[in-house]
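Read the structure below first, then the notes.
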Amino acid sequence: MIDAATRPERLEAVTHSLVVDQSVVTPVAVHDAFGRTLPMPLPTLFNRWYGPFPPIRDVREQTGAWDAAGQTRIVHLAGGATMREELTSVDPPRSFGYRLCEVTGPMALLVDHVVGEWIFTPAATGTEITWRWDIHPKSPRTAWALPLLGRMWKGYARRALANLSALLTK
């Protein structure tokens, strides 16, 4: 029998977010990697399906040049899903962060919002680029699925980072 005093702790533990990340080293200087990644058109970078993750088809209602915290845009995915993206930090050439919310489509069943970050670190052969997602569940009932979603996201991220590396070295 579950004692009432332990139930809230258990519930709280299930609603924690899941942090996943993936990295690639690319033979490009940190300043160039950061400067070319931040403004890159999303449909260019995320142009193929990976498991349940669709390609990005379009970006609309963008405020500003996408270079300062507080700017927003609506990301449209293949299949009709959308999400609102807000830049939350821009620290050239080290990192930029964003928040994805107002998620629609299949991912909306599992995810309330995502806090994302791109980190650019000098490496012996260029720049290590790390893409991180902190995935927040829609509810305690969907939190159990986050590890599976996280594993699939890592494959999606590997593919996107390989594409990014190819685009940066052209």
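Taken together, the values in this text are just the output of simple stated rules run on the coordinates, not laboratory data. Keep in mind the model is a prediction, meaning the values are calculated, not measured. Cβ sites come from the backbone with ideal geometry, for glycine too, and all protein chains shown count toward neighbours.
Both radii come from the Cα set of region 15-168: Rg as radius of gyration, Rh as Kirkwood radius; their ratio Rg/Rh reads 0.95. Ranking PRO93, TRP131, SER165 by Cα position along the charge dipole of the chain, where only Lys, Arg, Asp and Glu carry charges on their C-beta atoms, puts SER165 farthest toward the positive end.
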